[in-house]
Amino acid sequence: MTATTPSVADDLDSLIATLSLERKVELLTGHTTFTMTPEPSIGLGEIALSDGPTGVRGLKFTGGRQVSLFPNATLLASAWSEETAELVGGLLAEEAMTQHIHVVLGPTINLHRSLLGGRLFEAYSEDPLLTGKIAAAYVRGLQRRGIGACLKHLVANESETLRNSMNSRLDETTLRELYLLPFEIAVTESQPWSIMAAYNDVNGVAATEQDHVQNGIVKGEWKFDGLIMSDWFATKTAGPAANGGLDLVMPGPDGPWGAVLAAAVRAGEVAESVIDDHLRRILVLARRVGALGEPRDFPAHLPTPDSPIRRAQLTRLAADGMTVLTNNGVLPLADTTSVALIGRHAVETIDMGGGSAQVNPPYQVSAAQGLRELLGDRVTVTDGVEVRHRPVAARPGFVVNPLTGEPGAHVTLTDENGGTLIEYDRPTIMVGLDDDLPRPAARAEFRAKITADGPVEIGVMGIARWEVTAGGEHFSVTVKATSTDPGEAVLRPPAHTITMQAAGELEIVAVADLRPEPGGGAGHELLSFGLLSLIARPAPLPLDTALATAVEAARQADLAVVVVGLTEEQETESVDKTTLALPGDQDALVSAVAAAARRTVVVVNAATPVLMPWLDQVDAVLWAGLPGQEGGHAIAAALTGLIEPAGRLVTTFPTADAATPAWNVTPVEGTVAYTEGTFIGYRGHAAGHAPAPLFWLGHGLGYSTWEYSDVTLTATTPPTLRATVTNTGGRDSREVVQVYFQPEEADQPVRLVGWTAVLVTAGARATVEITADARMWRRWDSTADRWSTLSGRGRLLLARGLGDIRATIEL
Ligand code: BGC
């Protein structure tokens, strides 16, 4: 089927008519890694694209400018607020405009199917309505300022294992009712200007070739008039992808289209009108983002990433979404409490996930720094147990640039003759991809200074021959590739470290020899590109010493706060998790501290559910997500109640590994079968497809208590509920009132159908009215191949997550 672009003015057609077939086809592949191909003869400028959902990284993977690092998607979504999402879209538009970026590659609106999915941190929720509404608002925020959004990844892209080749198998009902629904909501409510087709196959057909999804549903039924681009390197074919509705191959300039596609047109396999339609959609995008004709103006003087306004915005966004999971009254912390803050995540708070969502922020505030700024001497800080399996690059802050004294490092890339090619001021650089150097680099020299007392881990990461001097120590090492996967050099570079004693200031110089070895070897065939980093951090203590030190610190204080969590080893693109257990000996750390401390609060620094075997031993648990550059300030504000952590969970937390409705992410004979159908997350738990969870989607205590009364149905199609909610606690608070529907049809899962949020002062009440979303009353009739409507009978549940149902109305 060939879809046509509705409501496109004829003048675009006359522009297209001036171009040869070859040129038209060239414009359907990107120009560079993150730009589209310009065509001055028709006034088409070079459209710049940038990842992606938690900050606008710019045109480079690592080498870009410093930009704001936002809280991650699950943390933002935990506010259950379209206003918040729209605000975030607007702020990202500012970040984009500062860098002259036209399209931001987000939001990610795949669903939290299996909790093992490595990329869930980028996506909002397990619920399609919540995901779709938040996405639509985020798109509005961006596009209102003339910056394009890009919904990704279309579709059934919920896991990372073998992501470029795996096939997601799901029935049409599950596809329509669940995984396409967020795309449908966003397309119909906010008209996004682009969509990204995923890496995976869907029911045996590549997502980039999905005539059924792209042409039939998205461009046909939903009348999407934007552009569909491929995920990076995802396009496998010319004719089938072009006919299947893919408009643009990214990245460029090389790719599978070009001459092959032109030949396919000449051979009659692809109609020229299909090529014209793809190009027309590119021109429509260009017109929307101001890259057709007179180039747009980008405003000057927008807030910088370290400006006071950004700091305040990012702190508030992060703290608002933080979620109180349990609390026996110990939170918010009282004014005089002395606190033993414990854990590697307290000193190295993880503020973002790994992969293409990463950005280069100006700074990252740790929980230790944040709490110390608020509570001063009342806080002691104790490093906890090791949380990583692999070495990690040095953090600016722990390392400083010896030339400037600023957080970071000094790196010089030189050529064969020792001439300087480029200098950087950070401990991680990319060679070969980002640098646009006139000549290949032969050497990279890293210089940094640390100040530490005790054991430190020093080393280097990246494929090269290295010479390293740190204080009085010197070592030479050849760091080799460990696999033939070129992605290793960028996503998981190998490393070498030593542990040494530091006493005060220490200067580190590491020199990477990047020249290929004569005759190859040493993995040097991969040296044309890759990440290079300096490693420097406090060395993890042996387990016994770490536990004993933490226990002693906990005993000395009124209260212990243990910060635990995941790192970018688990929450990352390209890799799935294998367990929800906290890595390393973090569970043992919490139990040991809880046994010794008078009271214990656990802060979970992770975007997705973790197991909590120690839950009954502690007094409160605050889920803090991946909170962005202001993370530590936000955690401190949430713990002390300066800002209410008023989040509600966006994903159901199970009690154990695999105690969920959908678990496996490893393809079997190439396929992951979505056999649980539409019963993912809370829907499956509620239907008894998995044991009762630890915490339901929608759960979150905030810092107040609530009474619900006067619940009435004020309309029926679709149902509208009215209720009074009374803040019975001692402080002003925000309540998220949620409505679920359990249809009478036995094969239908319970589902979220609407919600609203209210801010109510202590002791006061508010009347809320929630109209259920009519789309949640549809079912896909796969026999008739169309939507039909549920009987409408069943039960409406007014709830604070399905573990706390406050009223039931029979329909
Ligand atoms: C990711 C996309 C991202 C693209 C460009 C891909 O690996 O799947 O989400 O936008 O890279 O960086």
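Throughout, read-outs are computed from the coordinates displayed, never taken from laboratory work. Keep in mind that what you see is a predicted model, and the values were worked out from it rather than measured. Note: ideal-geometry Cβ built from the backbone for every residue, glycine included; neighbour counts use all protein chains shown.
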Discussion item. Under 10 °C and 1.306 mPa s, how fast does region 6-289 diffuse according to Stokes-Einstein, given a Kirkwood radius computed over C-alpha pairs? Answer in µm²/s, whole number.
Written reply: 85 µm²/s
Fill in: Cα-only radius of gyration and Dmax that characterise region 93-210, units Å
14.1, 44
Worksheet entry | Rg over Rh [alpha-carbon atoms, Kirkwood Rh] for region 442-513 | 1.02
Item to complete: Mind ranking 97-107, 447-457 by how tightly packed they are, going by the mean number of other C-beta atoms within 10 angstrom, highest first?
Response: 97-107, 447-457
Fill in: Environment charge at T237 (Cβ cut-off 13 Å; Lys +1, Arg +1, Asp -1, Glu -1)
-3
Worksheet item: Dividing the alpha-carbon Rg of region 410-538 by 2.2 N^0.38 Å yields what?
Response: 1.03
Worksheet item: Once phi is turned into θ = phi - 60°, what whole-Hz ³J(HN,Hα) does the Karplus curve with 6.51, -1.76 and 1.60 give for every residue of region 455-463, x standing for Gly and Pro?
Response: x, 10, 9, 10, x, 9, 10, x, 7
Fill in: Geometric extent, Cα atoms of region 145-210 - Rg, Dmax (angstrom)
12.5, 39
Item to complete: Eight or more residues apart or on different chains, and alpha-carbon atoms under 22 Å: count the Lys pairs in the chain matching that.
Response: 11
Discussion item. How large is the convex hull of the C-alpha atoms of region 28-153 per residue, in Å³?
Written reply: 117 Å³
Worksheet, complete the sentence: If the chain between F298 and R778 were fully extended at 0.36 nm per residue, the gain over the current Cα-Cα distance would be 168.5 nm
Item to complete: Find, to one decimal place in angstroms, the Kirkwood hydrodynamic radius of region 584-695, where the mean of 1/r is taken over every pair of different Cα atoms and then inverted.
Response: 16.3 Å
Fill in: T726-T33 FRET efficiency (beta carbon distance; Förster radius 45 Å; 0.05 resolution)
0.25
Worksheet, complete the sentence: Here the gain from full extension of A766 to D377, 0.36 nm per residue of separation minus their alpha-carbon distance, amounts to 135.9 nm
Worksheet item: Taking the Cβ-Cβ separation of E269 and S20 as r and a Förster radius of 25 Å, what is the calculated FRET efficiency to the nearest 0.05?
Response: 0.85
Worksheet item: Kirkwood hydrodynamic radius of region 619-659 from all distinct Cα pairs, in Å?
Response: 12.0 Å
Discussion item. I need the P(r) histogram for region 320-476: all alpha carbon pairs, bin width 5 Å from 0 out to the longest distance, whole percents.
Written reply: 2, 7, 12, 17, 18, 14, 10, 8, 5, 4, 2, 1, 0, 0
Discussion item. Kirkwood Rh and Cα-based Rg: tell me the resulting Rg over Rh for region 651-793, rounded to two decimals.
Written reply: 1.05
Practice prompt. Please give, to one decimal in nm, the separation of the simple spin-label points placed at I309 and V260, each 7 Å out from Cα toward the Cβ.
Written response: 4.8 nm
Worksheet entry | Rounded Å value of the spacing that divides the Cα centres of region 135-208 and region 435-460 | 40 Å
Worksheet, complete the sentence: In whole µm²/s, the translational diffusion coefficient that Stokes-Einstein assigns to region 147-272, given a Kirkwood hydrodynamic radius over C-alpha pairs, 37 °C and 0.692 mPa s, equals 223 µm²/s
Worksheet, complete the sentence: Phi-derived 3J(HN,Hα) across region 584-596 with the Karplus relation (6.51, -1.76, 1.60, θ = phi - 60°), rounded Hz, x for Gly and Pro, is x, 9, 5, 5, 5, 4, 4, 4, 5, 5, 4, 6, 9
Worksheet item: From the backbone phi of region 246-263, what are the Karplus-calculated ³J(HN,Hα) couplings (6.51 cos²θ - 1.76 cosθ + 1.60, θ = phi - 60°) in whole Hz, Gly and Pro given as x?
Response: 6, 9, 9, 8, 10, x, x, x, 8, x, x, 8, x, 4, 5, 6, 4, 5
Practice prompt. Describe numerically, in nm with one decimal, the distance between label points set 7 Å from Cα along Cα→Cβ at W222 and at D804.
Written response: 3.4 nm
Worksheet item: When averaged across all projection directions, what area in nm² does the alpha-carbon convex hull of the chain cover?
Response: 34.6 nm²
